[in-house]
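The values are calculated or read from the model by the stated rules, or taken from the named source; none is laboratory data. Worth saying up front: this structure is predicted, and the values here are computed from it rather than measured. Here the Cβ is made from the backbone with ideal geometry for all residues, glycine too, and neighbour counts use every protein chain on show.
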Amino acid sequence: MNNNSDSPVKFEIDDEQGYLVVRFEGEIDLYGTPHAREVILNCIKSKRNTVIDLSAVSYIDSSGVASLVEGYQLAKNDKLEFGLVNISDAVLSVLQLAHLDKVFTIHASLDERIQAS
Amino acid sequence: MTNQTETQASAAIKVEDLVTHYGSTRILDHVNMQVNTGEIMVIMGGSGSGKSTLLRYMLGLHQATSGSIKLLGHDITKISSQEMDDLRKNMGVSFQGGALFNSMTVGQNVCLPLHEHTTLDENTIQIMGRMKLSVVNLGGFDDLMPAQLSGGMIKRAALARAIVMDPKLLFFDEPSAGLDPVAAAELDDLILRIRKALNTTIVVVTHDLDSTFRIADRITVLDKGKILMIGTVEEVRNSDNERIQSLLNREARHVEINADEYLKELTGQKE
């Protein structure tokens with residue numbers, strides 16, 4: 001787990017079944033987004049398929065969602081996979097508001113994603 | 001029932017014993033109300049009832065004569081201008097005329113609060129702005145100028161700007177004014193979707209009854225600067241208060257004349 005005390009967002013990255021799995025924890029808001037964005041973009045820049053696990057994210061605002069959008073676009077440009085797993089109803093509501101539930105590939109778990117791919 | 005609801009729920013906005021004046025004229029007269037977190041409160045009343053004034057005081061635009069207004073626990077009648085500036089980051093406002101800057105594109109207008117109040121990366125800001133335009137069904141319109149938009153589109157662009165920072169409190173001044181019934185209904189639907197997705201506390205000032213009944217969780221009815229009633233849509237509909245029924249039935253206001261006061265007013269002797 002990342003322990004950068006300057007950031008309200010914690011994360012850990014695991015290499016699982018061909019994916020970099022980024023597990024964020026806490027709130028991804030105006031204060032936490034710059035850090036979360038850096039983590040997401042670094043995964044894509046490393047040319048790895050990436051899955052963002054949001055199960056421990058209690059709140060994500062539009063800035064956090066924007067970073068997910070940016071990461072997804074960069075991944076698509078590089079023909080990499082990028083998906084979301086374990087998202088709460090609250091996060092899903094935020095995505096639905098901006099019609100992004102139709103854009104992202106969303107699965108209940110990493111296993112479900114692997115089975116679907 | 002209303003009072004019990006208010007005390008048990010968490011108050012996002014609490015107005016206590018608010019008295020305001022314009023010059024020597026009292027506009028709001030000992031107003032008490034509470035808006036709970038995630039609630040849509042519609043403030044309605046006839047012209048001159050004080051509803052727009054109440055909104056302006058909630059926004060911290062004027063100094064009250066007495067009383068308090070707590071937004072997210074902060075009494076805005078007492079806090080410093082710096083604290084008010086910080087609090088405004090949690091507030092979105094959609095003004096009646098849209099209040100877009102005509103010299104800026106729609107996208108620049110929407111992103112303006114992000115440029116002013118955050119240090120987010122420009123890519124993040126641009127995506128956020130486009131997302132919010134998509135929320136209000138104006139996706140792809142970011143490069144247009146406000147003059148190229150219809151009245152309804154301007155209202156929606158203004159709403160996109162109001163919600164671009166994901167505010168906890170969202171205020172609307174006559175959102176449906178000047179809109180055709182379909183555009184007004186679409187705006188109502190947007191307000192409901194935003195509340196559902198973001199649990200935003202929303203205050204709407206309007207005299208549009210159709211809109212009020214579509215979106216309100218509760219209604220505050222103002223008349224001559226005083227609160228006539230605070231209640232659910234059904235409670236207000238079923239009220240036997242004569243003034244409220246006049247408002248609901250769109251009846252012309254009966255003008256009460258105080259002969260002495262009227263004479264003083266005409267002759268310029270009123271204090």
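A few notes on this one:
- Which numbered condition residue B:61 misses (of (1) part of a helix (DSSP H, G or I); (2) out of contact with any strand residue (DSSP E or B) (no Cβ under 9 Å at 6 or more places or on another chain); (3) closer than 30 Å to residue B:31 by Cβ): (1)
- The sole residue among A:60, A:87 that is within 14 Å of another protein chain (Cβ to nearest Cβ), touching a strand residue (DSSP E or B) at 6+ places or on another chain (Cβ under 6 Å), more than 22 Å from residue B:90 (Cβ to Cβ) and in contact (Cβ under 8 Å) with a residue 12 or more places away in the chain is A:87.
- If you go through region B:64-112 and pick out every residue that is in contact with a Lys or Arg (Cβ under 6 Å, 6 or more places away or on another chain) and within 20 Å of residue B:30 (Cα to Cα), you end up with 1.
- Residue list for region B:95-117, filter: β-branched (Val, Ile, Thr) and either within 18 Å of residue A:99 (Cβ to Cβ) or crowded, with 20+ Cβ neighbours inside 10 Å (or both): B:106, B:110
- Every condition in (1) within 14 Å of chain A (Cβ to nearest Cβ); (2) more than 16 Å from the chain's Cα centre (by Cα); (3) free of Cβ contacts under 8 Å to residues at least 60 places away in the same chain holds for residue B:186 except the one numbered (1).
- Yes/no for residue B:92 being surrounded by 17 or more Cβ atoms within 10 Å (Cβ to Cβ) and in contact (Cβ under 8 Å) with a residue 60 or more places away in the chain: yes
- Scan of region B:76-89 for residues that are surrounded by 14 or more Cβ atoms within 10 Å (Cβ to Cβ) and not polar (S, T, N, Q), ordered by number: B:76, B:79, B:84, B:87, B:88, B:89
- With respect to the conditions (1) within 24 Å of residue B:196 (Cβ to Cβ); (2) part of a helix (DSSP H, G or I), residue B:52 falls short on a single one, namely (1).
- For region A:12-43, filtering for residues that are among the hydrophobic types (A, V, I, L, M, F, W, C) and within 13 Å of another protein chain (Cβ to nearest Cβ) leaves 5.
Yes or no, residue by residue, for (1) modelled with pLDDT of 95 or more; (2) in a loop (DSSP other than H, G, I, E, B); (3) within 22 Å of the chain's Cα centre (by Cα); (4) at the interface with chain A (Cβ under 8 Å from one of its Cβ atoms):
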| position | (1), (2), (3), (4) |
| --- | --- |
| B:113 | no, no, yes, no |
| B:126 | yes, no, no, no |
| B:142 | no, yes, no, no |
| B:152 | no, no, yes, no |
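- Flag if residue B:161 is within 14 Å of chain A (Cβ to nearest Cβ), within 20 Å of residue B:186 (Cβ to Cβ) and either surrounded by fewer than 15 Cβ atoms within 10 Å (Cβ to Cβ) or over 24 Å from the mean Cα position of the chain (by Cα) (or both): no
- Checked against (1) surrounded by 23 or more Cβ atoms within 10 Å (Cβ to Cβ); (2) out of contact with any strand residue (DSSP E or B) (no Cβ under 9 Å at 6 or more places or on another chain); (3) under 30 Å from residue B:21 (Cβ atoms); (4) not aromatic (Phe, Trp, Tyr), residue B:177 passes all but a single condition, namely (1).
- Figure legend. Inter-residue proximity from region A:12-23: first residues part of a strand (DSSP E or B), second residues exposed (fewer than 13 other Cβ atoms within 10 Å of the Cβ), beta-carbon distance below 6 Å, spacing 6+ or different chains. Indicated pairs: A:12/A:1.
- Test: residue in region A:96-113 that is basic (Lys, Arg), over 14 Å from residue B:128 (Cα atoms) and within 14 Å of chain B (Cβ to nearest Cβ): yes
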